[in-house]
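What follows is a set of notes on a single structure, which appears directly below.
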Amino acid sequence: MTVESFDGLWTAIEPVGRDGRTGGYRRFAWTGEDATLREWFAGEAAARGLDLVVDRAGNQWAWWGDPDSAGPAGGVVVGSHLDSVPDGGAYDGPLGVVSAFAALDALRAGGFEPGRPIGVVNFVDEEGARFGVACAGSRIITGALDADRARGLRDGDGIAMAEAMARAGHDPAGVGPDPETLRRIGVFVELHVEQGRGLVDLGRPVAVASSIWPHGRWRLDLAGEANHAGTTRLADRRDPMLALASAITAAREAAAARGCVATIGKVRVEPNGVNAIPSAVRAWLDARGPDEPDVRAVVEEVARAAAAGAAEESFTAETIFSVELRDRLAALLGDAPALGTGAGHDAGILAAAGVPTAMLFVRNPTGVSHSPAEHASREDCLAGVAALARVIEDLAGGAG
Ligand SMILES: [Zn+2]
């Protein structure tokens, strides 16, 4: 039963937004592809007799049982997101939504009667691929993203989020914090494909998340002096590209020494000519790690190597998922290992807003994510569904 339901759900959305040439997915918020996926979600909810609710940000919630009948305990919510990064993989997001429906099917086939309402969620715009802010759907309802700022965010074609929402049939005027929706979430468990090789190394199919690493973005402004690449003696040059090279090397070395990761993945060079010594280089550093002091130290070392300041553009402190919940789920799942992650998730946003939250990770054989190479074996996906079903059964306390 689980097998057929998982396969059927997976197959239905597999072609949506897939580039036939690269195999990568382009499923951006409030586009035609997104609309197809939202229709699919609504259809699967209806097919199971679940009540569909769309919140102020446009997140979709499918409820089994009345979420307002649960009182302060709230409901048990599972799910994830259906959007993707440009040329993303098939699993990041959709695996959590598909597994949620499949887990409900497995429980129902076994005659399970929930003692609490159960919700399946599709968070809108998790990747921020179109409007630049990740986890926009969960940030809006928790108030972490200001409603006016959200409405005014523009995509690469200059279309504002408000306009994109309106075109897709969602009223942008209603965008804003949504305490009513949050009140219904007693506990949220997001199943996600692992975006690293932790489970491969451990030889296990499923883990629980321990935390989301502190992470941030910093900008380095490196000044130089434009001059001719042929006629300027080396001794007379002020070449900011050398500072950039030092920064890149330092990022790698400092991160390795402190158990962090650090990346300079975006660079702007002025005037960007082959035969011109650059007048200025602007580079962006992304640094993450298990401990904030180490992350901060990496940033300082990079700045020192570049002989420049590192301007902080964003920083998110460590998200620690509920320890009690994590331990409970780990015990439930045969002593499942606990893994930290360097990637952000809606689960992290909800945890930061005070919602008891946990995550399950499913093994990814290559560890590659945000790429068409992202993968999870069918066997491991089914192990993930079984784990999620077990978790729902435990948390939603059956009548029997
Ligand atoms: Zn994701």
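Quick look at the numbers
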{"quantity": "Residue that is surrounded by the most Cβ atoms within 10 Å (Cβ to Cβ), among those in the stretch 200-214 that are within 16 Å of the ligand (Cβ to nearest atom) and modelled with pLDDT of 95 or more", "calculated": "ALA209"}
{"quantity": "Cross-chain or 6+ apart pairs with Cβ under 6 Å, the stretch 105-128 first and under 23 Å from HIS192 (Cβ atoms) and within 16 Å of the ligand (Cβ to nearest atom), then aliphatic (A, V, I, L, M) and in a loop (DSSP other than H, G, I, E, B)", "calculated": "ASN122/LEU82; VAL124/ALA29; ASP125/ALA29; GLU127/VAL85; GLY128/ALA134"}
{"quantity": "Among (1) under 19 Å from ALA134 (Cα atoms); (2) modelled with pLDDT under 95; (3) among the charged types (D, E, K, R), the one test that ARG56 misses", "calculated": "(2)"}
{"quantity": "The stretch 129-154, residues that are within 16 Å of TRP61 (Cβ to Cβ) and within 16 Å of the ligand (Cβ to nearest atom)", "calculated": "GLY137, SER138"}
{"quantity": "Scope the stretch 276-312; condition of a type in the set (Lys, Arg) and either over 16 Å from HIS215 (Cβ atoms) or in contact with a helix residue (DSSP H, G or I) (Cβ under 7 Å, 6 or more places away or on another chain) (or both); matching residues", "calculated": "ARG282, ARG288, ARG304"}
{"quantity": "Among the residues listed as ILE140, ILE118, ILE159, the single one being surrounded by fewer than 21 Cβ atoms within 10 Å (Cβ to Cβ) and modelled with pLDDT of 95 or more", "calculated": "ILE159"}
{"quantity": "Residues being within 16 Å of the ligand (Cβ to nearest atom), outside any strand (DSSP E or B) and closer than 21 Å to GLY137 by Cβ - total across the stretch 347-363", "calculated": "5"}
{"quantity": "Hits in the stretch 25-70 - residues which are under 24 Å from the mean Cα position of the chain (by Cα) and among the acidic types (Asp, Glu)", "calculated": "GLU33, ASP34, GLU39, GLU44, ASP55"}
{"quantity": "Matching residues in the stretch 215-237 - criterion: being open to solvent by 90 Å² or more (accessible area, probe 1.4 Å) and either aromatic (Phe, Trp, Tyr) or under 20 Å from ALA297 (Cα atoms) (or both)", "calculated": "ARG217"}
{"quantity": "Positions within the stretch 65-92 being aliphatic (A, V, I, L, M) and under 30 Å from PRO372 (Cβ atoms), in sequence order", "calculated": "VAL77, VAL78, LEU82, VAL85, ALA90"}
{"quantity": "Residue in the stretch 303-341 that is most open to solvent (accessible area, probe 1.4 Å), counting only those that are of a type in the set (D, E, K, R), over 30 Å from GLY224 (Cα atoms) and free of Cβ contacts under 8 Å to residues at least 60 places away in the same chain", "calculated": "GLU324"}
{"quantity": "Criterion violated by TYR91 - all others in (1) open to solvent by less than 10 Å² (accessible area, probe 1.4 Å); (2) within 18 Å of MET359 (Cβ to Cβ); (3) within 15 Å of the ligand (Cβ to nearest atom); (4) out of contact with any Phe, Trp or Tyr (no Cβ under 6 Å at 6 or more places or on another chain) satisfied", "calculated": "(1)"}
{"quantity": "Only listed residue being closer than 26 Å to ALA317 by Cα, of a type outside the set (Phe, Trp, Tyr) and in contact with a Leu (Cβ under 6 Å, 6 or more places away or on another chain), chosen from GLY176, GLY186, GLY198", "calculated": "GLY198"}
{"quantity": "Top-ranked residue of the stretch 164-188 - restricted to ones that are hydrophobic (A, V, I, L, M, F, W, C) and open to solvent by less than 30 Å² (accessible area, probe 1.4 Å), ranked as nearest to PRO67 (Cα to Cα)", "calculated": "ILE185"}
{"quantity": "Test result for ALA103, hydrophobic (A, V, I, L, M, F, W, C) and open to solvent by 20 Å² or more (accessible area, probe 1.4 Å)", "calculated": "no"}
{"quantity": "Flag for GLY344 being within 16 Å of the ligand (Cβ to nearest atom), part of a loop (DSSP other than H, G, I, E, B) and surrounded by fewer than 21 Cβ atoms within 10 Å (Cβ to Cβ)", "calculated": "yes"}
{"quantity": "Extreme residue, farthest from the chain's Cα centre (by Cα), among residues of the stretch 71-82 that are open to solvent by less than 20 Å² (accessible area, probe 1.4 Å) and more than 9 Å from the ligand (Cβ to nearest atom)", "calculated": "GLY74"}
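Condition check ((1) touching a helix residue (DSSP H, G or I) at 6+ places or on another chain (Cβ under 6 Å); (2) closer than 26 Å to PHE361 by Cα) across all residues:
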residue	(1), (2)
VAL121	no, yes
VAL133	no, yes
LEU145	yes, no
ARG167	no, no
GLY174	no, no
ARG183	no, yes
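The values are calculated or read from the model by the stated rules, or taken from the named source; none is laboratory data. This one's a predicted model, so the numbers in the text were calculated from it and none came from an experiment. Please note: Cβ atoms are built from the backbone with ideal geometry, for glycine as well, and neighbour counts cover all protein chains shown. Accessible surface areas use protein heavy atoms only, side chains included; no ligands, DNA or RNA. Shrake-Rupley method; radii C 1.70, N 1.55, O 1.52, S 1.80 Å.
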